[in-house]
Amino acid sequence: MNNPYAYTEAEILKVVDETQNIKTFTLRPKTGIGFRAGQFMDVSLPGIGEAPFTPSSNHYVKDVLDFTIMRAGRVTSLIHQAKAGDIVGVRGPYGLGYPLNEFKGKEVFIVGGGVGLAPLRALLYALFNEVNDYKKIVLKYGAKTSKDIVYKNEIDSWRAKAGHVDIEISVDVGDDTWKGNVGLVTTVLKPGLVDVNNAVAIVCGPPIMMKFVTFKLLDLGFKENTVYLSMEKNMSCGIGKCGHCRIGPYYACKDGPVFTYDKIKDLPNIWD
Amino acid sequence: MEKKTYKITKKDLYDLFARLSANYRVFLPYADGQRLDFGEFDPKKEDRIELGGIRQSRPVKGFINPPREKILDTSRKDKRPVILAGVKACDLASFILQDFVFLKGEVEDPFYAENRNNTIIIGCDCTYAKETCFCLAMEGAPYPQKNFDINLSPAGDSFIVEVASEKGENIINNFKMFFKNHSATDLNVRQANREKVSREVRYFIDKRGTPDTSAIRGAVKKSYNLTELWKDFASTCVECGACNLVCPTCHCFLLYDEKTAGGNKRFRMWDACMYNTFARVAGGANPRKRLYERLRNRFEKKFDFFPQILNYFACTGCGRCIEACPGDIDLREVLKGLVTGKWNKPPHE
């Protein structure tokens with residue numbers, strides 16, 4: 001029987017503390033599981049429960065998967081207690097990833113907030129892999145404080161990619177050690193950073209951040225169908241059957257979770 | 001296939017059920033006070049069998065899509081095929097939706113598929129209508145027209161038998177001695193009953209002013225911002241989820257894991273979109289924080305989403321939600337309010 005609710009066992013190879021409440025887990029599934037950047041999977045603690053996460057690793061690496069997970073509820077709190085060597089379950093991938101082919105030849109403008117950088121890390125890795133196919137890659141990332149920045153040790157290596165990756169980090173609240181911009185991420189979204197007539201924008205972060213970033217992007221001249229949003233709803237079954245993640249005429253699990261703004265802008269409560 | 005018709009006496013039918021129960025789990029409706037409920041065939045309880053009547057108090061979906069089903073391993077205990085007898089047209093209609101959700105799409109739900117294949121459905125005409133019945137407004141009828149293997153139409157001490165599938169045909173062929181030819185008069189009796197019950201349903205629809213699907217189409221979208229309407233109707237809701245659970249078309253479920261001595265188990269359990277937790281994510285975000293938004297969502301899903309993606313109104317007019325609601329929220333009144341823009345405050349206000 002081809003059981004869509006069954007998971008593949010995966011061993012935790014490594015756990016990295018990103019921030020006080022965010023960790024990155026590197027998993028090796030017993031049988032390889034491929035995915036495309038932007039797709040999500042359900043990670044489970046056998047006998048406890050599962051939750052949806054978008055892998056944050058390079059989709060060209062087939063045997064291991066990274067998941068960057070914020071402690072937010074029952075399952076994630078328990079996942080945070082897991083150690084290298086523990087076995088978890090993985091099923092998926094589900095949904096549609098970022099349409100990389102449509103991004104080719106364009107300037108890719110990425111805006112992330114908090115743990116929302118996780119799916120964007122998978123996207124960046126995918127873009128870096130064919131970095132010359134994209135005219136420009138810009139990442140604007142916002143975190144609450146300098147302590148809340150994820151992938152701190154990697155970001156400099158991203159900056160070095162092929163010379164045309166522009167990365168800027170902003171923190172909502174500054175401190176003595178922070179030399180960069182202080183303010184919401186919207187404050188670093190300025191005219192002239194990209195050619196909006198030949199650019200796509202990808203946004204992932206907390207709902208309130210996505211809302212104001214989207215409005216700012218539209219102000220900057222991005223067209224509604226070039227703004228890609230990660231609508232992380234309560235995805236559960238992953239196959240459009242359980243009903244939890246319905247948003248208007250879509251199921252986020254199979255029609256998303258990435259939607260262009262024009263497709264969802266008229267639906268109620270999209271930012272809640 | 002062309003539907004063949006026969007006749008069977010009540011006594012022979014009960015004998016048939018007794019014979020079938022050797023190889024099948026046979027469930028049929030028993031009268032239990034005012035209500036009808038499915039029970040497993042028991043020859044000692046023949047006097048309480050009520051194949052006609054109206055829909056049973058519980059939706060038939062539970063036999064195919066059980067309230068709680070183990071879905072991680074496939075070692076399930078009782079694999080005997082099931083016969084469901086006396087299923088009414090409003091419940092049969094719900095299979096349009098349940099089959100669409102669980103069998104169609106990129107992935108088939110193997111547990112539903114197994115239960116569905118493993119079940120023979122014997123429908124039965126309604127022999128009266130209840131005040132809460134409105135199948136005719138929802139493009140249905142008080143007698144089965146589709147989604148059954150065999151249908152029974154009560155006619156005096158006998159039933160007119162209509163066969164609609166190979167599964168049904170096999171039963172008839174295996175038990176030929178029970179099935180007789182019927183007369184033209186028998187079909188007239190069937191027709192007369194169907195017209196009588198249809199008139200009763202129509203009377204209740206007209207009395208209530210319940211709109212039909214042609215009026216309802218687009219009404220949720222149009223009246224989405226009638227916030228006062230949604231708030232008024234939701235004002236007596238106690239978030240019990242009964243409307244979801246008794247609804248034959250509601251299909252949403254929760255995945256639930258459990259650690260036991262026998263190993264890790266995963267269950268699929270019915271869920272209810274009226275619950276605050278239904279759409280809430282771990283971080284606390286919830287697109288439908290308020291009760292009235294959840295009530296509105298329920299109507300949107302039934303009368304907007306499914307007509308849009310399946311050309312099907314996910315309501316069969318069975319009226320169970322009206323009876324089950326402790327807050328007296330009447331789906332017909334909500335629909336009427338959507339269509340007319342006028343509504344009375346619910347009785348508790």
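The table below gives the values:
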quantity	calculated
Qualifying residue in the stretch B:74-97 (condition: within 14 Å of chain A (Cβ to nearest Cβ) and within 12 Å of B:THR316 (Cα to Cα))	yes
Answer residue from the stretch A:242-272, given it is closer than 25 Å to B:LEU97 by Cβ and charged (D, E, K, R) and is farthest from the other protein chains (Cβ to nearest Cβ) among those	A:LYS263
Those strands (runs of 3 or more DSSP E) lying entirely in the stretch A:45-114 with at least 1 residues out of contact with any Phe, Trp or Tyr (no Cβ under 9 Å at 6 or more places or on another chain)	A:49-53, A:65-70, A:87-94
Those helices (runs of 4 or more DSSP H) lying entirely in the stretch A:176-272 with at least 3 residues closer than 28 Å to B:ILE71 by Cα and not aromatic (Phe, Trp, Tyr)	A:252-255
Selected residue (only one of B:LEU51, B:LEU72, B:LEU16, B:LEU20 is hydrophobic (A, V, I, L, M, F, W, C) and closer than 26 Å to B:ALA324 by Cβ)	B:LEU51
Members of the stretch B:246-289 found to be of a type in the set (S, T, N, Q), in contact (Cβ under 8 Å) with a residue 12 or more places away in the chain and at the interface with chain A (Cβ under 8 Å from one of its Cβ atoms), listed by number	B:ASN264
Search result, residues across the stretch B:290-313 that are of a type in the set (A, V, I, L, M, F, W, C), under 17 Å from the mean Cα position of the chain (by Cα) and either more than 16 Å from B:LEU338 (Cβ to Cβ) or within 11 Å of chain A (Cβ to nearest Cβ) (or both)	B:PHE306
Qualifying position, being within 27 Å of B:GLN308 (Cα to Cα), surrounded by fewer than 16 Cβ atoms within 10 Å (Cβ to Cβ) and away from every other protein chain (no Cβ under 14 Å), among B:LYS231, B:LYS221, B:LYS207	B:LYS231
Flag if B:GLU139 is touching a Ser or Thr at 6+ places or on another chain (Cβ under 7 Å), surrounded by fewer than 16 Cβ atoms within 10 Å (Cβ to Cβ) and not β-branched (Val, Ile, Thr)	yes
Odd one out for A:CYS245 among (1) surrounded by fewer than 21 Cβ atoms within 10 Å (Cβ to Cβ); (2) closer than 24 Å to B:PHE305 by Cα	(1)
Residue tally, condition in a strand (DSSP E or B), modelled with pLDDT of 95 or more and farther than 24 Å from B:ASP78 by Cβ, over the stretch B:7-58	3
Selected residue [polar (S, T, N, Q) and at pLDDT below 95] from B:THR210, B:THR260, B:THR249	B:THR260
Failed item, numbered, when B:PRO287 is tested on (1) crowded, with 21+ Cβ neighbours inside 10 Å; (2) of a type outside the set (Phe, Trp, Tyr); (3) at pLDDT 95 or above	(3)
Residues satisfying the stated conditions in the stretch A:10-24, i.e. closer than 30 Å to A:THR145 by Cβ, more than 14 Å from chain B (Cβ to nearest Cβ), in contact (Cβ under 8 Å) with a residue 12 or more places away in the chain and among the aliphatic types (A, V, I, L, M)	A:ILE12, A:LEU13, A:VAL15
Identity of the residue in the stretch A:25-64, touching a residue at least 40 places away in the same chain (Cβ under 8 Å) and either on the phi > 0 side of the Ramachandran plot or facing another protein chain (nearest Cβ under 10 Å) (or both), that ends up surrounded by the most Cβ atoms within 10 Å (Cβ to Cβ)	A:GLY38
Matching residues, the stretch A:81-116, being small (Gly, Ala, Ser) and surrounded by fewer than 21 Cβ atoms within 10 Å (Cβ to Cβ)	A:ALA82, A:ALA84, A:GLY85, A:GLY97, A:GLY105
Where A:LEU217 falls short, out of the listed (1) surrounded by fewer than 19 Cβ atoms within 10 Å (Cβ to Cβ); (2) at pLDDT 95 or above	(1)
Every residue from the stretch B:98-111 that is facing another protein chain (nearest Cβ under 9 Å) and either free of Cβ contacts under 8 Å to residues at least 60 places away in the same chain or of a type in the set (Phe, Trp, Tyr) (or both)	B:PHE102, B:GLY105, B:GLU106, B:VAL107, B:GLU108, B:ASP109, B:PRO110, B:PHE111
One residue from B:TYR275, B:TYR292 being hydroxyl-bearing (Ser, Thr, Tyr), closer than 26 Å to A:ILE247 by Cβ and touching a Phe, Trp or Tyr at 6+ places or on another chain (Cβ under 7 Å)	B:TYR292
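The values are calculated or read from the model by the stated rules, or taken from the named source; none is laboratory data. Remember, predicted model here, so these are calculated numbers, not experimental data. Please note: Cβ atoms are built from the backbone with ideal geometry, for glycine as well, and neighbour counts cover all protein chains shown.
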